[in-house]
Amino acid sequence: MHKIDIGPVTGGDDREIYHHENWIEDNYGEGPVLAFDHIQIPPAWHSTLPPKTDYEQNLLESFWDSNDLTDASRLASLIKLDKRHDGIQVYIPDGIPADGQI
């Protein structure tokens, strides 16, 4: 849509489906295996998203330095957008070197 190059992207079926804080359904999907799609969500939008799972946090921590991560850090591939998110703007941090150059 906006032709923004964010580098390598990840995908995979959801590992879990968040229904409610007391009901997180195991979906038996592989889920993402990379964290190249790190984005930061402005605090005003946090309440419109399901909470970050332990798997998501662990994946972010395994790919990114701690100084690159904030409470706003999420994986874009795990965010499902709907009408409530109309107008959302996210920050895309500098990516992990994907071409072998550091």
Heavy-atom SASA rank of K80, K52 (probe 1.4 Å, accessible area, largest first): K80, K52
Starting with the highest mean, order 33-44, 58-69 by the number of other Cβ atoms within 10 Å, averaged over the residues of each peptide. 33-44, 58-69
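The values are calculated or read from the model by the stated rules, or taken from the named source; none is laboratory data. Bear in mind the structure is a predicted one, so any value in this text is a computation, not a measurement. Because the Cβ atoms are built from the backbone with ideal geometry, glycine has one as well, and the counts that use them run over all protein chains shown. These area figures cover heavy atoms from the full protein model, side chains too; ligands, DNA and RNA do not enter into them. Shrake-Rupley method; radii C 1.70, N 1.55, O 1.52, S 1.80 Å.
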